[in-house]
Amino acid sequence: MSKVLIVYGSSTGNTQSIAEKVGELIRAAGHEANVVNAGEVAPDNLTEGYDAALFGCSAWGEEELEMQDDFLPLFEAFDKAGLSGRKVAAFASGDQTYTHFCGAVDAIEERARELGATVIADGLKMEGDATADPDAVDAFAQAVIKNL
Ligand SMILES: Cc1cc2nc3c(=O)[nH]c(=O)nc-3n(C[C@H](O)[C@H](O)[C@H](O)COP(=O)(O)O)c2cc1C
């Protein structure tokens, strides 16, 4: 059994619903999953003791990528979160009409790699909440589970 931390930043609940569904699927596979709001956790050693950390964050910029408000302080302190050697994957709900569709996913993967993490699944980028594309959510969760 592996222990997975799922941290989300979500303003209208879409990314939160993906986080919760992924957590359910991970638990259904016999692992432990803790789902937490980025606004309610401190970055320091956040991922210590977990086999993997999944990060979900929506984007709110126009031309530039702007990370969701609750997630941004965590992202800015990512170097304190204990990511070196950690298994990581990223997900987001977004809107394809924006320049940086689910842009936080790429930013999280890039920064996590810089900090020595291993990205274990292709980032999930989708529109709407978890019910809008259950197959995509399931495929993401299964890819994570396979690499735990
Ligand atoms: C002003 C504004 C800027 C946005 N910028 C982006 C963006 O850069 N990339 C993107 O994929 N979606 C963008 N969106 C869409 C939201 O990220 C999308 O509605 C998402 O599902 C919200 O997820 P959340 O409920 O988890 O916060 C933007 C929406 C607004 C209103």
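Nothing in this text is a laboratory measurement; each read-out follows from the coordinates by a stated rule. This structure is a prediction, so every number in the text was calculated from the model and none was measured. Every residue, glycine as well, gets a Cβ built from its backbone with ideal geometry; the counts of neighbours run over all protein chains shown.
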Spin-label model distance (nm) - Y98 vs R27, 7 Å beyond Cα toward Cβ: 2.9 nm
Set of lysines near K21 by C-alpha distance (under 18 Å), chain-local residues within fewer than 8 positions excluded: K3, K125, K146
Interchain or long-range residues, amide H under 5 Å from V36's placed H: I6, V7, Y8
For the chain, the spread of Cα positions along each principal axis, largest first, Å: 40, 33, 24
